[in-house]
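**Student:** Pasting a structure here, questions to come.
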Amino acid sequence: MNSGRLPRPVLALLFVVPFAVIIGVWVVVKHALHVSDDALASPAGVLAAARDLTGWGILPFDVSRSLYRLAIGSVLAAAIGIPIGLLLGTSRTCVAMFAPFLRFFQSVSGIAILPLLIVWFGFTEKTIQIVILYTALVPVIFNTMTGVRTIPPVYSDALATLGGGRLHVIRSVYLPGALASIVVGLRLGIGYGWRALIAGEMLVGAGGLGFMIFDARRFHDLGQIIAGMVILGALYLVIDRLVLAPIEAATIARWGLERT
Amino acid sequence: MARKSTTTVGKDTSRADKAGQRQGARILVDGLSHKFVDQQTGEVVQALEQVDLTIESGEFLTVVGPSGCGKTTLLNAIAGLVHPTGGEVSSDGAVVRGPGRDRGVVFQELAILPWRTVRRNIAHGLEIQKIPRKEREERVGYYVDLMGLSGFENAYPHQLSGGMKQRVAVARTWAADPNVILMDEPFAAVDAQTRITLQEELLRISTVSNNTIMFITHNVDEAVFLGDRVVVMTRRPGRIKALLDCPIPRSERTVDTMARPEFAAFTERVLQLVREEV
Ligand SMILES: Nc1ncnc2c1ncn2[C@@H]1O[C@H](COP(=O)(O)OP(=O)(O)OP(=O)(O)O)[C@@H](O)[C@H]1O
Ligand SMILES: [Mg+2]
């Protein structure tokens, strides 16, 4: 990896720069062009909206609801997707058979199946849960499967000559060997799942951050809408940092493997 | 043509036979031919052609031959990792149909796992055999010392030099204590000094442990120093060009006996045969 010439702490904080730039542009546009609050809230207005929403207890309620849904969906996607991906990846025939199938569903986004789910399950929690699971599952299966295919076959040969059976090979070779890919799949899956979740909440209307943002349009409350958007993105960054990055640091980086 | 046998060697046929009472298996390679078909181009490569070879129980056989002549293919067929397109391999009369822990392999590509530390790589075979922790740690400790890996027990393979990785790979196979040991250029990346130590150690272990050993190398000195017999293979398609008995018994080999004229003459003969094929 190219670490450049900058010291580590500086590198770690560089991510702030593009955010600062976009906020700068926002402020300039808002004040220099005298844009009204009905068309664009100011950063201060957004902060105020976030404070109000928090004060009323709406924001914590909706955020925890969305996060809870995402957590359930992601855990289910990992628990179902990783074993399926490992099994499919062990055979070239399975990969040939299922890769186009998975790609097909990867391109049919969760939002596109929402109408179908609403017809089947109505405006319910179940509809939202299925959308997240569906969206997160496909990339987890796909990346786990392709990850297994990239493992040098000599590793499983070696285990076989040590007397290891299929389970040993799956546990000691396929799972750790595909982990870099699995993490990529989880990253994509959780990212897509988060988006699908917000869309689902907007349509289904059973609370959650998506519902909160969508609901704010009724009062033309741009501060609230933008606050919701910012929180969406920020939460995803935090999830990525707190959940996925530590997995990578503890495993892939320690083993000296490249991230795929 | 050997007798066809109904028993087959697959997984885990021989339980850990304790050293001492062990009798290394007799390996019979009978009319072995192998063709590789390239997946993309469909091109056919004849790697081995009609190889007949017996490795006696407890014998140390070394194999030399030009690069690409099929040495690794032969080893993989004995290990059960390659299913030959012609002929067959049997171990103590049982036809080899797949890999098993009775035939341990040190791979040319090493194949130690990047996600396991040195200690856990060496212990891997013992973990699979469910050897109790205490005994496992003792055996691993023994091989860590033997291989000069002390201080690196908790390092991951990417933190090791090429020669150290090879020693881990050798230790992993030896620690699992297989009946037959198949080694594919295991000391190729080890420095000259360590190499001599490891050769002497291998010689010592092999004389007491009674394993059947097949050892592939590019180094003729190594082949004659270690082997009871030396196989010289032809260019591809690989056949047996010559099979030579080493003039000095394995148990009597030291740096001194190697300096004897008959040994030097033997080395020269093998070199000559190898040169004809390059
Ligand atoms: N999986 C494969 N697919 C196609 N061809 C192969 C395959 N494996 C080996 N070969 C070919 O078979 C021949 C013998 O290969 P092998 O690896 O047995 O040679 P080797 O004697 O071990 O060589 P080296 O001394 O370089 O290790 C080579 O020409 C090689 O290109
Ligand atoms: Mg080879």
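**Student:** Using the Karplus curve 6.51 cos²θ - 1.76 cosθ + 1.60 with θ = phi - 60°, what ³J(HN,Hα) values do you get for each residue of region A:5-16, in whole Hz, with x for Gly and Pro?
**Tutor:** 9, 7, x, 3, x, 5, 4, 5, 9, 4, 4, 5
**Student:** OK, next. Could you tell me the distance between the Cα centroids of region B:192-229 and region B:55-84, to the nearest Å?
**Tutor:** Comparing the Cα centres of region B:192-229 and region B:55-84, I get a distance of 15 Å.
**Student:** Of all the Cα-Cα pairs you can form in region B:40-199, what percent are over 29 Å apart?
**Tutor:** 25 percent
**Student:** Report the relative contact order of chain A, percent, no decimals, based on alpha-carbon pairs under 8 angstrom and at least 6 residues apart.
**Tutor:** Relative contact order for chain A comes out at 25 percent.
**Student:** Counting only other chains, what is the mean number of Cβ atoms within 10 angstrom of the Cβ of each residue in peptide A:151-159?
**Tutor:** If you average over the peptide's residues, the count of other-chain Cβ atoms is 6.
**Student:** For region A:131-260, calculate the relative contact order in percent as a whole number, restricting contacts to Cα pairs under 8 Å that are 6 or more residues apart.
**Tutor:** 28 percent
**Student:** What does the helix-only formula give at 222 nm for chain A: each DSSP H stretch with n ≥ 4 adding -39500 (n - 2.57), the total divided by the residues, and the result rounded to the nearest 500 deg cm²/dmol?
**Tutor:** Value at 222 nm, helices only: -24500 deg cm²/dmol.
**Student:** What list of ³J(HN,Hα) values in whole Hz, one per residue of region A:47-58 in order, does the Karplus curve 6.51 cos²θ - 1.76 cosθ + 1.60 (θ = phi - 60°) give from phi, with Gly and Pro shown as x?
**Tutor:** Calculated HN-Hα couplings, in order: 4, 4, 4, 4, 5, 4, 4, 5, x, 6, x, 5 Hz.
**Student:** Report the A-B buried area as the accessible area lost on both sides summed, probe 1.4 Å, in Å² to the nearest 100.
**Tutor:** Buried area (both sides, nearest 100 Å²): 2000 Å².
**Student:** Of the candidates B:LYS165, B:LYS35, B:LYS134, which one comes out as most mobile in a Gaussian network treatment of chain B with C-alpha springs shorter than 10 Å?
**Tutor:** Maximum among the listed residues: B:LYS134.
**Student:** Turning to a different aspect of this structure: If you count only protein heavy atoms with a 1.4 Å probe, what accessible area per residue comes out for region A:58-255, rounded to a whole Å²?
**Tutor:** 45 Å²
**Student:** Using the beta-carbon distance between B:SER251 and B:ASP221 and R0 = 22 Å, what value does 1/(1 + (r/R0)^6) give for FRET efficiency, to the nearest 0.05?
**Tutor:** Approximately 0.70, to the nearest 0.05.
**Student:** In debye, nearest 20: dipole of the protein assembly as shown around its Cα centre with unit charges on the Cβ of K, R (+) and D, E (-)?
**Tutor:** 840 debye
**Student:** Give the calculated FRET efficiency between B:ARG275 and B:ASP52 to the nearest 0.05, with a Förster radius of 25 Å applied to their Cβ-Cβ distance.
**Tutor:** Result of the calculation: an efficiency of 0.55.
**Student:** What do you get for trypsin sites (Lys or Arg not before Pro) in region A:1-64 restricted to DSSP loop and a cutoff of at most 16 other Cβ within 10 Å of the site's Cβ?
**Tutor:** Of the trypsin sites (Lys or Arg not before Pro), the ones in loops of region A:1-64 whose Cβ has at most 16 other Cβ atoms within 10 Å are A:ARG5.
**Student:** Roughly how many percent of the accessible protein surface of chain A is carbon and sulfur, given a 1.4 Å probe and a whole-percent answer?
**Tutor:** Solvent-exposed carbon and sulfur of chain A make up 72 percent of the total.
**Student:** Scan around B:PHE215 for amide H atoms under 5 Å from its own, H built in the peptide plane at 1.01 Å from N, and keep only partners 5 or more places away or cross-chain.
**Tutor:** So B:PHE215 has HN proximity to B:LEU61, B:THR62, B:VAL63, B:MET183.
**Student:** Packing-wise, with mean Cβ within 10 Å as the measure, how do A:172-185, A:135-148 rank, highest first?
**Tutor:** In descending order of packing, they fall as A:135-148, A:172-185.
**Student:** Go ahead and estimate [θ] at 222 nm for chain B from helices alone: -39,500 (n - 2.57) per DSSP H run with n ≥ 4, summed, over the residue count, rounded to 500.
**Tutor:** Dividing the helical sum by the residues of chain B leaves -10000 deg cm²/dmol.
**Student:** With a/c under 1.5 counting as rounded, go ahead and sort region A:58-118 into rounded, prolate or oblate using the C-alpha gyration tensor (a ≥ b ≥ c being the square roots of the eigenvalues; past the cut-off, prolate if a/b is larger than b/c, else oblate).
**Tutor:** oblate
**Student:** Taking amide hydrogens as modeled 1.01 Å from N in the peptide plane, which residues meet the under 5 Å criterion relative to B:GLY238, leaving out close sequence neighbours?
**Tutor:** Excluding prolines and chain starts, which carry no amide H, the hits are B:LEU48, B:GLU49.
**Student:** Hey, any idea what % of region B:14-275's accessible area is carbon plus sulfur with a 1.4 Å probe?
**Tutor:** The computed percentage sits at 49.
**Student:** Would you look at the GNM of chain A, springs on alpha carbons closer than 10 Å, and say which of A:PRO60, A:PRO153, A:PRO18 moves the most?
**Tutor:** A:PRO18
**Student:** Here is a further query. Take every DSSP beta bridge with both residues inside region B:145-278 and express the antiparallel ones as a percent of the total, to the nearest 5.
**Tutor:** 50 percent
**Student:** If you don't mind, there's one more thing I want to ask. Among DSSP bridges having both ends in the protein assembly as shown, what percentage is antiparallel? Round to the nearest 5.
**Tutor:** If I count the DSSP bridges inside the protein assembly as shown, around 50 percent turn out antiparallel.
**Student:** Continuing with this model, one more query. Using Cα-Cα distances under 8 Å and only pairs 6 or more residues apart, what relative contact order does chain B have, in percent?
**Tutor:** 26 percent
**Student:** Inside 10 Å of the C-beta atoms of A:248-256, what's the mean count of C-beta atoms belonging to other chains?
**Tutor:** 3
**Student:** With θ set to phi - 60° and the Karplus curve 6.51 cos²θ - 1.76 cosθ + 1.60, what are the ³J(HN,Hα) couplings of region A:176-187 in order, to the nearest whole Hz, using x for Gly and Pro?
**Tutor:** These are the phi-based 3J(HN,Hα) values: x, x, 9, 4, 4, 5, 4, 5, 4, x, 5, 4 Hz.
**Student:** Calculate the mean, over all residues of peptide B:104-112, of how many other protein chain Cβ atoms lie within 10 angstrom of the residue's Cβ.
**Tutor:** Taking all residues of B:104-112 together, the mean is 4.
**Student:** For chain B, what does the alpha-carbon gyration tensor say about shape, rounded, prolate or oblate, given a ≥ b ≥ c as the root eigenvalues, a/c under 1.5 as rounded, and a/b over b/c as prolate?
**Tutor:** Rounded, since a/c falls under 1.5.
**Student:** List the chymotrypsin sites (Phe, Trp or Tyr not before Pro) within region A:1-96 that fall in a DSSP loop (any state other than H, G, I, E or B) and whose Cβ has at most 10 other Cβ atoms within 10 Å.
**Tutor:** Answer by residue number: A:PHE15, A:TRP56.
**Student:** Taking H as built 1.01 Å from N, whose amide H comes closer than 5 Å to the amide H of B:MET147, not counting residues under 5 places away?
**Tutor:** For B:MET147, whose amide H was placed from the backbone, there are no distant partners under 5 Å.
**Student:** Still on this structure, I have one more. So which trypsin sites (Lys or Arg not before Pro) in region A:218-260 end up in coil per DSSP with only 11 or fewer other C-beta atoms within 10 Å?
**Tutor:** A:ARG259
**Student:** Using r as the Cβ-Cβ distance of B:PHE36 and A:VAL17, and R0 as 56 Å, what FRET efficiency do you calculate, to the nearest 0.05?
**Tutor:** 0.55
The values are calculated or read from the model by the stated rules, or taken from the named source; none is laboratory data. Values in this document were obtained by computation on a predicted structure and should not be read as measured data. Positions of Cβ are backbone-derived with ideal geometry, glycine not excepted, and every protein chain shown enters the neighbour counts. For accessibility, only protein heavy atoms count, side chains too; no ligands or nucleic acids. Shrake-Rupley method; radii C 1.70, N 1.55, O 1.52, S 1.80 Å.
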